[in-house]
Structure formats: C-alpha cells, structure tokens
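Below you'll find the structure, written out as structure tokens, and then a few comments.
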Amino acid sequence: MTALGTSGSIIGRFANPGRFLALANGVLPVAWALTVLFFVAGLYVAFFDSPPDYQQGDTVRIMYIHVPAAWMALFTYVTMAVAAFVGLIWKHVLAELYAKAVAPVGAAFTFICLVTGSLWGKPMWGAWWVWDARLTSVLVLFFLYVGYMALVDAFDDEQRGINAGACLLLVGAINIPIIKFSVDWWNTLHQPASIIRMDGATVDKSMLLPLLLMAGAFHFLFIALAVFRLRTEIFARKYRAASLRGAA
Amino acid sequence: MRALCAIVARDLRLFAARGSEFVATLFFFVIVASLFPFALAQEPAALQKSAAAIIWVCGLLAGLLSLDTVFTRDADDGTLDLLMMSPVAPWQVALGKMISHWLLSGLPLVMAAFPVSVMLGVPVEKAGLLSASLAAGTIYMSWTGIAGAALTLGSRRSGLLLAVLVLPLLIPMLILGVMAAEASLADAPVSAYLLLQMALVVAVLPAAPAAASAFLKLHLRS
C-alpha cells in the first residue's frame, strides 16, 4: 500500500499534470474521431437499419439514446466516487480535479436519460412521469450531481469545496446499487434489466448491434469530454497560479 | 458520555438564554400547515386526504430551517475549534448536536403535529400514529441534517445548499411516512411502514455521527 502514494506507482505516475497533458494531447484526437465514427454508424443503424419493435413500433428507437445515457450517468458517477476516494486518501491532484471536471458531463447524461425516458414513457405507459423506484432513484442521482456542483462551488477556498464534494460523492454512492437493483427489488413500471444479466441478453441481435454501437459512441464521447475538461481545469489552475505570481 | 451530556446541556442552556430561533421554527410549521385549509377551502375532503403529506413536508422544511446555524454559530465564536482540540471525539460533538437539534426542533414538531393534524381533519384516534411516524422522521431528519450541516460548514449560502443536499436524502423517509398515514386512514395494517421507518432510523443513528465527524475533521484541516 505504501507504494501507491509514491511517484513510482501506477496511481502516482499519473498524478503528474505535465504527464497527463502530454497524454491528453495524444488521446483527444483519437477519442473525438472514434466518437464521430461510432455516432454516425450507431445513429444510422438505429434509425434506418434496425427493425421497429413488434409492440412499440418506431418508438423503440428512443432506447438507443436512453439506455446508453443511463449507463453513462451511472458510470460517470462511479468514476467520480472512485476519484473522490483516491483524492481524499492520497491527495491525488488529478483525481480531485477529475470529479470536479466531469460532474457537468454526468449531470447532462442523467438529464438526457430522464428526458428521453419521459418522451418514451408518454406513448408507452401513457404518462410522462411515474414515481416508481427506478425513476425516483435516477432523479435523486440528478439531484446528487447538481448538489455536488453547487457544493464544490460554494467555498471561497477551492480545496475545501473539492474535499466537501468528495465526501458527498462517497455518501451518495449508496444510491448507485439502489438504481441498479431498483427494478429487481421493487415492482416497478420500468422494465427489468435485459442486457446485463446472468443468463445473457434478452434483446434481439438486430437491436443489440445499434445499442452497443451507441453505447460505444457515448463512451468515447465521455472520454473525449472528460479529458478535454480535465485539461481545461489544469490550464485554469495554471493560469490562476501565474496571475497570482504576476500580481505579487 | 459526560462530554456528550455537557454538549447537549450547553445547547439547551443557550436555547433557554436566547430562544426565539427554534420557537420560530415551530411557528413556521404551524403557520405553513394552516395555510393549506385556506388554499383547499373548496374541498374539505381533499384536505383530510392530503393532511399527512402536508404535515410531513411542512415538518421537514421546518426542521431544515434551523439546521444551518447549528455549527456556524459555534464556528464563528471559536467554540467549535476548542471542542475539536479538546479530548472529546468529533463524533461525540456531532452526536451532541444531533440530540440537541432533535430535542429543540424535532420534538416540538412531533407534539405540534398532533393538534395540527386534527385541525386538518385527521380523526383524533389516527393522529397519534401520524405523530409517532413523524417522530421517526424527525430523528432521521436531525441526524442526516446535522451531517449535512457539518459538510456545508463554512460555505457561502449554506442554508440553500443544505436544502439541495439534504432534502433528496429525506425522500425515502417521506415516502414511508406518508404511506403509513395513508394506510392508517384506510384502516389497513401500518406496522410494515413503521418498521421500515425504524430501520432507516437505526441505520442513520450510527452512520450520521461517523460521517459528520469525518466532515468536521476535514473542515478543521483546511
């Protein structure tokens, strides 16, 4: 465990902002290119090359946005919570900045998930919104993102905001398993899991392909945005430090 | 234990000396709850149906009002720093604040909920159960709320921030409390909801002081 905090370890190696910036400049163009590629392919298959559902008709295509956005909403939060943990324990500068940088991205994914779910719910369930366990817990996730951003921003000392936010992220992590298993624990109007389950996906192959393409697109979009925003945070910090030096 | 009692006793003495704040909380609760009969004047039946919801939401909001001064006042006059430097464990400081907050804001709310719910049209024999389930709710509220207050200590607009952070955490309790009241009004069994409320309280009793102590230490470090 002792090696983790030192510069020779895996975690320590990426704590160096300079090394990250060099890496970021290499990763960003690739991530953007893959994002565009996957979105073009995914959207084409989703809209033109996949069959309408035998019950839902063409509205099933909302799934290709809704489900990847929901996955990313959870995924982003989990990475933020892990980063918050690493940042609190090892004072890892990049991990601390990471959570702050990707919070708006996660909030946006959650928002997209809620909006597309609502648009899908109206024709399918006959209601824009129902207060079942899955929808409520995702709404709480959205509140967590918003609360986190407000909290990080509310202190005059940036470091204190980051520390307080990290605490909130760790406490709020309890919501993640609740979201994941809400459809199993409670009798919800929202359907249970049909992709990631023990006995294999129950979705037909013709629909699984566009779904996975879109999931890939959302992942690469996330990587690109995360790296981009983290790089911006580092630049902002450098700029502040430089202007403070200039003022002194 | 003695330190804990001393912290609670100090808060109670401070309340006796300058009072007003928690009394205002109580009146806030009563006044807001009594706005609903006017707003729903056309439909007395709707008023009785939503009595539990009104009491719960007003109670939670009233409890929230007194949260943000709990630590800030002690932090401003230096008491908190002295407490944190003393041999008293931070979790004891937090627990003491939770107990005194509940005694000063939760308990009066629970007692006031009885007459207010009768005023809103809940039958007298069912109002007791509503108060009992609100008792569990206010304990949960005080414990999570004080942990939230420790987290937002020293921030700008901490009152607003507290509402954004704490209210979502209260949703499960609110759902159970209102379901218990609805079941009792419909003469259905209520024990399941009350037991689930108790489960939440039992979970938060040790968890919130532990979390609050971590937040307080973090506050001191920076």
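Put a plus charge on the Cβ of each Lys and Arg, a minus charge on the Cβ of each Asp and Glu, and nothing anywhere else: the dipole of the protein assembly as shown about its Cα centre is then about 1320 debye. Each Lys and Arg Cβ is given +1 and each Asp and Glu Cβ -1; about its Cα centre, the stretch B:31-140 then shows a dipole of about 360 debye.
Here the Karplus curve 6.51 cos²θ - 1.76 cosθ + 1.60, taken at θ = phi - 60°, turns the phi angles of the stretch A:176-183 into couplings of 5, x, 4, 4, 4, 9, 4, 6 Hz, with x standing for Gly and Pro. When the Cα positions of B:48, B:161, A:92 are compared along the charge dipole of the protein assembly as shown, A:92 comes out farthest toward the positive end, with charges on each C-beta of Lys, Arg, Asp and Glu. Here the relative contact order of the stretch A:66-148, from alpha carbon pairs under 8 Å that lie six or more residues apart, stands at 31 percent. What are the aspartates and glutamates whose alpha-carbon lies under 18 Å from the alpha-carbon of residue A:91, with same-chain residues fewer than 8 places away excluded? Cα-Cα hits under 18 Å: A:157, A:158, A:233.
Neighbour counting of Cβ atoms within 10 Å sorts the residues A:61, B:156, B:10, fewest neighbours leading, into B:156, B:10, A:61. Put in line by how crowded their Cβ is, counting other Cβ atoms within 10 Å and starting with the fewest, A:96, B:21 read B:21, A:96. Report the percentage of all Cα-Cα pairs in the stretch B:1-93 whose separation exceeds 15 Å, rounded to a whole percent. Here the tail beyond 15 Å accounts for 70 percent of pairs. In sequence order, the stretch A:110-126 has phi-based couplings of 4, 5, 4, 4, 5, 5, 5, x, 5, 5, 7, x, 4, x, 8, 9, x Hz under the Karplus curve 6.51 cos²θ - 1.76 cosθ + 1.60, θ = phi - 60°, and Gly or Pro positions carry x. Of the complete DSSP H runs in chain B, those spanning 18 angstrom or more by Cα along the long axis with a mean Kyte-Doolittle score not below 1.6 are B:21-39, B:51-65, B:107-119, B:158-185. Among B:179, A:124, B:98, a tally of other beta-carbon atoms within 10 Å of each Cβ gives an order, fewest to most, of A:124, B:179, B:98. All C-alpha to C-alpha distances of chain A, sorted into 10 Å bins beginning at zero, yield P(r) values of 7, 26, 32, 22, 10, 3, 0 percent in whole numbers. Applying D = kT/(6 pi eta Rh) to the protein assembly as shown, where Rh is the Kirkwood radius over alpha-carbon pairs, T corresponds to 20 °C and eta to 1.002 mPa s, the Stokes-Einstein value obtained is 86 µm²/s. The relative contact order of chain A comes to 30 percent, based on Cα pairs under 8 Å that sit 6 or more residues apart. Converting phi to 3J(HN,Hα) with the Karplus coefficients 6.51, -1.76 and 1.60 and the offset θ = phi - 60°, the stretch A:203-218 yields 8, 5, 4, 5, 9, 5, 4, x, 5, 5, 4, 5, 4, x, 4, 5 Hz in sequence order, with x at every glycine or proline. Positive end of the dipole of the stretch B:27-149 (Cβ unit charges, origin at the Cα centre): among B:91, B:140, B:116, the Cα lying farthest that way belongs to B:116. Selection among A:30, A:119, A:43 by position relative to the dipole of chain A gives A:30 as farthest towards the positive end (Cβ unit charges, Cα centre). At 25 °C and a viscosity of 0.890 mPa s, what translational diffusion coefficient does Stokes-Einstein give for the stretch B:126-220, taking Rh as the Kirkwood radius over Cα pairs? Give it in µm²/s as a whole number. Taking Rh from Cα pairs, D becomes 172 µm²/s.
Can you flag which of A:180/B:126; A:180/A:205; A:122/B:49; A:238/B:97; A:238/B:217; A:122/A:180 are past 31 Å Cα-Cα? Those over the limit are A:180/B:126; A:238/B:97.
Measuring spread by the Cα atoms of the stretch B:2-217 yields a radius of gyration and Dmax of 17.7, 60 Å.
Each reported figure results from applying straightforward, stated rules to the coordinates on display, with no laboratory input. Everything numeric in this text was worked out from a predicted model, so none of it was measured. Every residue, glycine among them, receives a Cβ derived from its backbone with ideal geometry; neighbour counts consider all protein chains shown.
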